[in-house]
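Please treat every number below as a calculation from the coordinates, not as lab data. As the structure is a prediction and not an experimental result, all values here were calculated from the model. Counting neighbours? That spans all protein chains shown, and the Cβs are built from the backbone with ideal geometry, glycine included.
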Amino acid sequence: MTLPDKTPANNNFVLPSKSLADSIALEWKSGKKYSPSNMPLTALAYTAIDKIAANKDDIVEVLMVYVDSDTLTYRASASEALAKKQDELWGAVLKWADSRFDVSWQTTSGVMPIDQSPALHTAIKRYLKSLDEWQLAAFCILASGYSSLVLAIAVCERNLSPEEAFTLSRLEEEMQAEQWGRDSESESRALKMKAEIVAAGQFLHLLKQV
């Protein structure tokens, strides 16, 4: 089956790279009806064209909420072992991010909210505004899946793989599972989220290929 000419919102279905077009064509090769779960690259392309292209500023504002609630800036207060692991593994990523934006992320223990500096807000907003609609479509999946702008940026900048960032985002869940056992429903949700994240990472990679 050839690629569709139009998106669900009746916009022209024009893709930014041949590599992405070829990969999306493979999703349609079976001739099945469109399904976001079975055609994640197509779904991301539709999102970029129909929902993000004309609303980039609004999308950026939504993403900015994560600046003050980023998972990596909130350390465990009830588990010394977990806090130590977070300090070690998350601290390394935050150190990279501090260098990347030339401004530091502040961290705290527990769940009390922390306000990051105006300089950091400015730097992150500038970065998000530099992304096009295609990158933002994937970035939204990453930031939501990780509950972290830092991890999403690290994946976009190829400092981490999507899978590595997913593992880092779930330090607490993994430690709880090791201590109390694994829950099948939670595991199923995690696997679904990981699949979406991996697809978003693939989408970003394909954007940069000819």
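Worth pointing out:
- A count restricted to region 47-88 and to residues that are under 18 Å from residue 170 (Cα atoms), in contact (Cβ under 8 Å) with a residue 60 or more places away in the chain and not β-branched (Val, Ile, Thr) stands at 10.
- Test result for residue 147, at positive phi, touching a residue at least 12 places away in the same chain (Cβ under 8 Å), surrounded by 13 or more Cβ atoms within 10 Å (Cβ to Cβ) and not basic (Lys, Arg): yes
- For region 1-13, the set of residues classified as exposed (fewer than 11 other Cβ atoms within 10 Å of the Cβ) and hydrophobic (A, V, I, L, M, F, W, C) consists of 1, 9, listed by residue number.
- Residue ID - nearest to residue 121 (Cα to Cα), chosen from residues in region 65-86 that are hydrophobic (A, V, I, L, M, F, W, C) and under 18 Å from the mean Cα position of the chain (by Cα): 67
- Residues being surrounded by 12 or more Cβ atoms within 10 Å (Cβ to Cβ), in a helix (DSSP H, G or I) and not β-branched (Val, Ile, Thr) - total across region 19-63: 20
- Of residues in region 125-144 being in contact (Cβ under 8 Å) with a residue 60 or more places away in the chain and basic (Lys, Arg), the one farthest from residue 70 (Cα to Cα): 129
Per-residue answers, yes or no, for (1) touching a Ser or Thr at 6+ places or on another chain (Cβ under 9 Å); (2) more than 27 Å from residue 76 (Cβ to Cβ); (3) surrounded by 15 or more Cβ atoms within 10 Å (Cβ to Cβ); (4) not basic (Lys, Arg):
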{"residue": "99", "(1), (2), (3), (4)": "no, no, no, yes"}
{"residue": "103", "(1), (2), (3), (4)": "yes, no, yes, yes"}
{"residue": "109", "(1), (2), (3), (4)": "yes, no, no, yes"}
{"residue": "130", "(1), (2), (3), (4)": "no, yes, no, yes"}
{"residue": "135", "(1), (2), (3), (4)": "no, yes, yes, yes"}
{"residue": "142", "(1), (2), (3), (4)": "yes, no, yes, yes"}
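- Of all residues in region 113-141, those being assigned to a helix (DSSP H, G or I) and under 17 Å from residue 51 (Cα atoms) number 11.
- Only one of the numbered conditions (1) within 19 Å of residue 153 (Cα to Cα); (2) in a helix (DSSP H, G or I) is not met by residue 103, and that is (2).
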